[in-house]
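These notes are about the structure you will find just below.
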Amino acid sequence: MSDPTPAPRQHLVTWEDPMIGAQAALSLSGLDYMQKMMAGDLPPPPIARLMNLAPVEVAQGRVVFACEPAEYHYNPIGVVHGGLAATLLDSAMGCCVHTTLPAGVGYTTLELNIKLLRPLTLKTGVVRCEAEMVHSGRTVAVAQARVVDATGRLYAHGTTTCMILRPE
């Protein structure tokens with residue numbers, strides 16, 4: 001008689017010291033930082049490894065991340081958890097804001113607003129999160145992003161308001 005219990009699946013996550021990037025961010029403009037990370041000269045943050053997110057395009061005021069939904073992203077009802085789209089949107093929009101900042105200036109998310117329009121599944125394939133600036137001021141920045149599949153079908157949309165953190 002065979003065991004009816006399926007074998008457990010595994011997802012091994014490895015990452016580099018996150019302080020390497022944090023220290024580099026102090027001396028690089030946000031655009032330079034993001035370009036170095038995309039080129040592999042700086043390690044990605046651990047959250048990117050954990051969630052399988054990667055920048056594929058970086059420019060002043062624009063960032064595109066890619067992610068392929070995996071089985072380990074699934075929730076109890078058999079689709080990808082909405083937290084993946086939320087993390088993808090938050091990451092891309094925050095990095096988009098970062099590309100507009102000079103060295104030594106940081107940011108933090110004040111507000112994140114997302115709309116999940118349709119579920120992601122394994123069949124969706126690689127999705128892109130395309131983020132662009134809406135407004136960049138001295139103390140507040142606003143960005144928006146869209147999560148789309150290879151055909152351009154929209155899965156989620158978001159906006160963020162970030163506080164700009166300037167040294168005193």
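Values in this text are rule-based calculations from the coordinates and carry no lab data. Just so you know, these numbers come straight off a predicted model, no measurement behind them. Methodologically, a virtual Cβ is constructed for each residue, glycine included, from the backbone with ideal geometry; neighbour enumeration extends over all protein chains shown.
Within the listed set Cys96, Cys129, Cys67, the Gaussian network model of the chain (springs between alpha-carbon atoms below 10 Å) gives the highest mean-square fluctuation for Cys67. Would you mind giving the average projected area, over all directions, of the Cα convex hull of region 85-168 in nm² with one decimal? Seen from a random direction, the Cα hull of region 85-168 projects 5.6 nm² on average. Rg and Dmax of region 43-92, both derived from C-alpha coordinates alone, stand at 11.8, 39 Å.
What is the sum of charges, Lys and Arg at +1 and Asp and Glu at -1, for the other residues whose Cβ falls under 11 Å from the Cβ of Val64? Can you show the working numbers first?
Numbers: positive: Arg62, Arg128, Arg146; negative: Glu57, Glu130, Glu132.
Its environment carries a net charge of 0.
A convex hull fitted to the Cα coordinates of the chain yields 130 cubic angstrom per residue. The magnitude of the dipole of region 18-165, with charges of +1 and -1 set on the Cβ of Lys/Arg and Asp/Glu and taken from the Cα centre, is near 220 debye.
Mean sequence separation of contacting Cα pairs (under 8 Å, at least six apart), scaled by the length of the chain, corresponds to a relative contact order of 22 percent. Compute the distance from the alpha-carbon center of region 6-78 to that of region 144-168, in whole Å. Between the Cα centres of region 6-78 and region 144-168 lies a distance of 15 Å. Remark: Glu130, Glu71, Glu168 ranked as Glu168, Glu71, Glu130, counting other beta-carbon atoms within 10 Å and listing the fewest first. When the chain is treated as a GNM with alpha-carbon contacts under 10 Å, the residue of Thr14, Thr99, Thr108 showing the greatest mean-square fluctuation is Thr14.
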